[in-house]
Structure formats: structure tokens, C-alpha cells
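Only one structure is covered here, and it is reproduced in the block below.
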Amino acid sequence: MTLAPERTQTRSASVNSRLRVTSAEPRPQRPEFKKSGKPNPAAHLSPEQIEEIGRELDALRAEVMDSRGAADAAYIRKVIAVQRYLEMGSRAALLFSGVKYRGVRPMWWLGTAGLSVAKILENMEIGHNVMHGQWDWMRDPKIHSTAWEWDNASPASQWKHSHNEIHHTFTNVLGRDNDLGYGILRVDEDQKWALFYLFQPIWHVVNALIFEYSIAAYDLELGGYLAKKNRMSEEEKAQFRKNAQETLAKIKRQATKDYVVHPAMATATFTGSTRHTLTANIVANLVRNVWTNTIIICGHFPPGIETFEKTSIEGETRGEWYLRQMLGSGNIRGSKAMHVMSGNLSHQIEHHLFPDMPSNRYAEIAPRIRDLMERNDLKYVTGTLAKQVGGVYWKVVELSLPPKREGTTRRATILRAAKKALRTKSSGRRY
């Protein structure tokens, strides 16, 4: 194996090194109920028990990370090779996608299916995990978190900041983790309801279809910029403009590759495949977007996962951070092929505990994580893909409505919110 010099990189979200194994001051017993009135799933654990969980997970992590070797390196190199050959073969097939045989364009179907799978593999099992630093230990300059640029609209540098540094640090903390509904979905009862959420079943479907562009806007923090640009300093505005230019340049490169260069290459075959190659690329990107969105929502929003208040993480120890990762994530049961196609994010609990652990090792440690949680009377959220998807979509619809309150109806709450919005809009016109 060729070793490259270690690279300077942004702070890893591995075990969250800013946290101590134990606290300098005694940690309080967790209250029986949250501020919202919901039961606290970890109230039965003493601070000492939580610290012991942290030590057990630290030991498990050290055991696996110390055993990384040739078999792990061979795995990721094989996945990358399969993905690249599959993409090249699929694009070659699409050069003849205009040819019909008995009323069917077999090369279009073959090329589109292969390209869809190749894009999913590149984004999920390769890009996402490489940029988490899972393979940095190999010191391969071509498979390194500081060098990888993925087949996605969002620039790698911006994604690593919003995902590795913010999301994995503040997992499911209300008001701190922007991944909790991406700012457009209400996915937990403790999120305050607003009239905007009434339409979230529509936003949810649209978001899935254009997911790579939604993530690009999210990583850019476009919503935050629009909300507070009048209060931002000139330096902050300049930084946003710089990031926006980087994002637009990445989108342009992606669109040129998929919607100009490859369709144009099909022109040389004289098979009438230019238009069909274009549609194949559009379909492959849609399939990749919907699949990626589906896996992510099943890991973050299924029934049974917990959210946390800002105050609950003050002075948080590593054991408490581990606890939050376990309670704030959900898994998907399935075949080995499904796990690979999900980037092993079907083991979302294990991934959130150890983001920089090689993804091929998650299945190995999953039974031990489940045993640890069950021994400590913590719910290990898991289910089939159909069950998790159904649960998330039910939540999206149910939580689009205001919470039920004694003495009023949901309809009355919606009408009051609509009237208030109209008054605010009318007031704005007068001024």
C-alpha cells in the first residue's frame, strides 16, 4: 500500500474529541420528563451508568479501528472499481439507446438502470463515507476526505462542514441540528407548528425529487442567509457570495457533464441516441435523489427516535453524546446488497456512534450495539425499509397539522394562523 503524507483536514466528527469521557463536576440525574412533557427515555440511567456506556463504546471503537487492514482497503477499492466500470459500461450502452428492438430500446433501459446504480454507489457507499474520513487511515491520496469531490451538486467542502461538523455534533438537538427536517419539515412533536408546515407533504415529495439541489442549498445555508441578510456584516455577506459562486460552479459542472457532454457524445454514433441519453441521465439523477432521500429519512425521522433540548447538552460528556446518537437514529433491516446500496447508512445508529469507522464494519458491530442498548433498557429502533418509509411518511402528514389541544380543534388553530398571516401581510402593504 502506498502511503501519502497525512493531510490537514477539518475537525472530524468521530467520537467528538471536544467531549471528555467524564465530567469535572458531577452530572445531574436526567429528569423523568422532558420540558415538553414527553417521557425521557434515558431517565432511568444514572450519570455513572452513562459514563460506563461511554467507556464500553470507546473500547469497541478502539478494538475495530485497531484491526483495520488489507481486507478493509481491498473492500473500498473493489467498490470504487465496480462503480467506475458500471458507470463506464452504462454510458457506453447509452450511446446506442436510440436503437429499437421489437418496439423497445433495450440499451436505454440497461444504461439507465446501470447509471442509476452507479450514481447511488458513488454518493452513498463511496462519496459520503470517504468524506467522513473513513478511509483516511490508508493514506491513499486518491481515496481521502480532503481530496474527494463527489458526483453531487453540493461542493464537498460545504457538505463536510454542514454534515460532519454540525449535524454529527448536534444530532437531533432542536435549534442546533439543521438536519432535523432541513428547515422545511416538522418531523417531531416538540418542533413548534407553523402554517408553513401544513403543506409539508408536498415539500417532502418535491425535496426527494430534487434532493441534490436541496442539499446544495442547505449546505450553502441559503435559508439562513435570506432570513438574516439585513443583519449580516459585509464580511459575512462576502463569504456567502464566495460559497454561492462555488456552489453554482459545481452545479454547472454537473449539469454540463450529464446534460450536455454525454448526450453530445451519443451524436457520433448516428443512432439517434442523443435525446435518449439525455433522458437517461435525467432519470438516473431522479432515481439517485429519491433513493438517497429515502435512506436518509429512514435513518433520521422514523417513529421511535428522540430529539433533545439545547439545555440538555450543556456540559455534555462523551458518554452522553454517545447516548444521544443511539437514541436519535434508526436502522433499516435488509440484505447485504441493500446495505451496500445505502452506503451502510441502513446501520445509521452505528454510523452516528462512529462516523469515521469503515462502513463495511458496521454490520459486524451492530449486534453488540443492540445488546448494549437492550442491557441498558434503551430502544434500538430498526425495521424493514417499507416499515421505516411508511412511518416517516405518516409522520410527515400527521405533523403537518397543529398539535391537538384541549378546548380547541386543529381546524380552529389553522384558521387563526391563516388570519394572523393575512393581517401581517396586509400590515406590510400599508407600510
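Just a few scattered comments:
- Qualifying helices (runs of 4 or more DSSP H) (wholly inside segment 322-431; at least 2 residues being free of Cβ contacts under 8 Å to residues at least 40 places away in the same chain, outside the structural domain of Ala118 (by TED's automatic domain parsing) and more than 30 Å from Glu165 (Cβ to Cβ)): 410-430
- Scope segment 211-243; condition of a type in the set (A, V, I, L, M) and in contact (Cβ under 8 Å) with a residue 40 or more places away in the chain; matching residues: Ile215, Ala216, Leu220
- Only one of Arg84, Arg91, Arg139 that is surrounded by 19 or more Cβ atoms within 10 Å (Cβ to Cβ) and of a type in the set (Lys, Arg): Arg91
- Of the helices (runs of 4 or more DSSP H) that lie entirely inside segment 18-129, those containing 1 or more residues that are over 24 Å from Arg361 (Cα atoms) and of a type in the set (Gly, Ala, Ser) span 70-94, 106-121.
- With respect to the stated conditions, Glu309 is more than 30 Å from Lys100 (Cβ to Cβ), surrounded by 14 or more Cβ atoms within 10 Å (Cβ to Cβ) and either touching a strand residue (DSSP E or B) at 6+ places or on another chain (Cβ under 9 Å) or in the same structural domain as Lys119 (by TED's automatic domain parsing) (or both).
- Close contacts from segment 86-103, counting a first residue that is over 12 Å from Thr274 (Cα atoms) and a second that is among the basic types (Lys, Arg), with Cβ to Cβ under 9 Å and a gap of 6+ residues or different chains, come to Glu87/Lys119.
- Picking from residues in segment 260-275 that are of a type outside the set (Gly, Ala, Ser) and either without any contact (Cβ under 8 Å) to a residue 12 or more places away in the chain or touching a Lys or Arg at 6+ places or on another chain (Cβ under 7 Å) (or both), the one that is nearest to Ile210 (Cα to Cα) is Val260.
- Test: residue in segment 245-259 that is over 21 Å from Ile210 (Cα atoms), in the same structural domain as Arg105 (by TED's automatic domain parsing) and free of Cβ contacts under 8 Å to residues at least 12 places away in the same chain: no
- Matching residues, segment 148-180, being without any contact (Cβ under 8 Å) to a residue 24 or more places away in the chain and assigned to a loop (DSSP other than H, G, I, E, B): Trp148, Glu149, Asp177
- Condition met for Val283 (more than 17 Å from the chain's Cα centre (by Cα), in contact (Cβ under 8 Å) with a residue 60 or more places away in the chain, under 24 Å from Gly127 (Cβ atoms) and surrounded by fewer than 24 Cβ atoms within 10 Å (Cβ to Cβ)): yes
- The set of residues in segment 102-121 being of a type outside the set (A, V, I, L, M, F, W, C), surrounded by fewer than 24 Cβ atoms within 10 Å (Cβ to Cβ) and within 29 Å of Ala71 (Cα to Cα) consists of Gly114, Ser116.
- Residues within segment 333-382 that are among the acidic types (Asp, Glu) and closer than 21 Å to Thr292 by Cβ, tallied: 2
- So His144, is it at pLDDT 90 or above and within 15 Å of the chain's Cα centre (by Cα): no
The values are calculated or read from the model by the stated rules, or taken from the named source; none is laboratory data. Here the structure is a predicted model, which means the values were calculated and not measured. We place every Cβ from the backbone using ideal geometry, glycine too, and count neighbours over all the protein chains shown.
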